[in-house]
Amino acid sequence: MAAAAPARESGVCAVVVTYHPDMALLTAQLEALQAQAGCVVVVDNATPGPAVRELCAAAPRTEFLALTENLGLAAALNAGIARAREKPGVAHLLLMDQDSVPESGMVAALKVALDRQSQHVRVAGVGTRFHDPREGVDAPFVRIRFPVNRKLHCSGDCDDVACDFLITSGSLIPLEVLDRVGGMDEGLFIDNVDLEWCFRAVSMGYALFGACGARMLHHQGATRHRVPGVPRGVVVHTPRRLFYMMRNRVLLYRRVYTPRRWIAQDVPRLVVKFLLFALLIKPRRKNLRCMLAGLRAGIAGHATPPPDID
């Protein structure tokens, strides 16, 4: 006899942010979430056409919230969180990217891990173990160390892994924690939104855990550029995205709650990324212009938008 599927967690509402999504992946995600969460709020960052709206209209317990322009990941998450708060009985939020598909029982396993660890410490959130189908191995949870991070993989004898940050997708956060820590930093727009929130929560005395019993597929979808000496290649980003990467890194360097050892190990990463995209990866001139603009904005402490590069 097959094992019964875990019951839906009625007090958990999933918040999904979409922007030009892969509709097949989004369909699979919503089907999985409808079986595991009490409700779903899909916040769309002005994707053209009716496809996302129509998919949500046909999905049980799913609400569609359309933004009139692309306000970024952080603002969309905050809009979804605000809408989820209005729903009766919701005590926890599951934050999801559009390219992540929960495996069976993921939400229940996250809730078990959260309840287990909350008996001992103040927990800001728990995150799922995930893998990209093209990689073949689960991504590790991370403890920030210097000069290199400590990567923690789930083993057969562990339930949860204490870590220093969680990716947005697949993270379960109690509403009462968001009341104390606050929402996502909308000024960051997209990059390092999850890092900033985690750093802020940890600075306030909260802990973060990876739940080894919770699993999901996470399709990163990025192309890679082959570089000598880098076996997996370099993930290619648009000039606009490079602006945010540079600006937001430096903005985080300025925050008093950002771990000093993260800054010490990230500065070399910033330099390497800058050189790669300025010298080796096209379009080099646009890359250089946007990265320099991002660095200038970060150093000035201003969350300014990227330059017009068209």
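Taken together, the values in this text are just the output of simple stated rules run on the coordinates, not laboratory data. As the structure is a prediction and not an experimental result, all values here were calculated from the model. Cβ coordinates were reconstructed from backbone atoms using ideal geometry, including for glycine residues, and neighbour counts include every protein chain displayed.
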Exercise for the section: Treating only the Cβ atoms of Lys and Arg (+1) and Asp and Glu (-1) as charged, compute the dipole magnitude of the chain about its Cα centre; round to the nearest 20 debye. Expected result: 1460 debye
Completion exercise
Per-residue Cβ contact counts at 10 Å, fewest first, order GLU9, GLU86 as GLU86, GLU9
Exercise for the section: Figure the gain on full extension for ARG122 and SER203 (residue separation times 0.36 nm, minus the Cα-Cα span) and round it to one decimal in nm. Expected result: 28.0 nm
Fill in the blank from the handout: In order over the range 77-92: 3J(HN,Hα) from phi, Karplus 6.51/-1.76/1.60, θ = phi - 60°, whole Hz, x for each Gly or Pro, gives 4, 4, 5, x, 4, 4, 5, 5, 4, 6, 8, x, x, 7, 10, 9
Handout entry: Fully extended contour minus Cα-Cα distance, from VAL267 to ALA162, at 0.36 nm per residue
Key = 35.3 nm
Fill in the blank from the handout: Any lysines whose Cα falls less than 23 Å from that of LYS273, other than same-chain ones fewer than 8 residues away, would be LYS151, LYS282, LYS286
Handout entry: Residue among GLY294, GLY233, GLY170 with the largest mean-square fluctuation in a Gaussian network model of the chain, springs linking Cα atoms under 10 Å
Key = GLY233
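How do LEU217, LEU251, LEU110 rank when sorted from fewest to most other Cβ atoms within 10 Å of their own Cβ?
LEU217, LEU251, LEU110
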Problem - Residue of THR223, THR62, THR128 that the Gaussian network model of the chain assigns the largest fluctuation, springs spanning Cα pairs under 10 Å - result: THR223
Problem - Hypothetical label at GLU69: residues of the range 287-310 whose amide nitrogen lies under 13 Å (7 Å Cα-Cβ projection) - result: 305-306
Completion exercise
Amide H neighbours of ALA37 at under 5 Å, excluding residues fewer than 5 places away on the same chain, with H built from the backbone geometry, are GLU9
Practice task
Tabulate in residue order the Karplus-calculated ³J(HN,Hα) for the range 43-57, using 6.51 cos²θ - 1.76 cosθ + 1.60 with θ = phi - 60°, rounded to whole Hz; enter x for Gly and Pro.
Solution key: 9, 9, 8, 6, 5, x, x, x, 4, 5, 4, 5, 4, 5, 4
Problem - Computed P(r) (all Cα pairs; the chain; 20 Å bins; percent) - result: 31, 61, 8, 0
Fill in the blank from the handout: Computed from the beta carbon distance with a Förster radius of 35 Å, FRET efficiency for HIS219 and LEU292 to the nearest 0.05 stands at 0.65
Exercise for the section: Add +1 for every Lys or Arg and -1 for every Asp or Glu among the other residues with Cβ under 13 Å from the Cβ of HIS302, and state the total. Expected result: +3
Fill in the blank from the handout: Between ARG226 and ALA24, Cβ-based FRET efficiency (R0 25 Å, step 0.05) works out to 0.35
Exercise for the section: Would you please give the residues with an amide H less than 5 Å from that of HIS225, counting only those at least 5 places away or on a separate chain, with H modeled from the backbone geometry? Expected result: VAL234, VAL235, VAL236
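Provide the percentage of antiparallel DSSP beta bridges, counting only those with both residues in the chain; round to the nearest 5.
40 percent
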Fill in the blank from the handout: Mean-square fluctuation maximum in Gaussian network of the chain, Cα pairs under 10 Å, restricted to PRO21, PRO140, PRO228, hits PRO228
Completion exercise
The exposure ranking of MET291, MET204, fewest beta-carbon neighbours within 10 Å first, is MET204, MET291
Problem - Reachable lysines from LYS87, criterion Cα separation under 28 angstrom, eight or more residues apart if same chain - result: LYS111
Problem - Residues with amide H under 5 Å from that of VAL15, placed H, sequence gap 5 or more - result: VAL41, LEU94, LEU95, MET96
Problem - Lys/Arg +1, Asp/Glu -1 at C-beta; the chain dipole; positive extreme among ILE81, ILE309, PRO6 - result: ILE309
Handout entry: Selection from TYR206, MET23, GLY298 lying farthest towards where the dipole of the chain points positive, charges on Cβ
Key = GLY298
Practice task
Describe numerically, in nm with one decimal, the distance between label points set 7 Å from Cα along Cα→Cβ at ASP179 and at ALA7.
Solution key: 2.5 nm
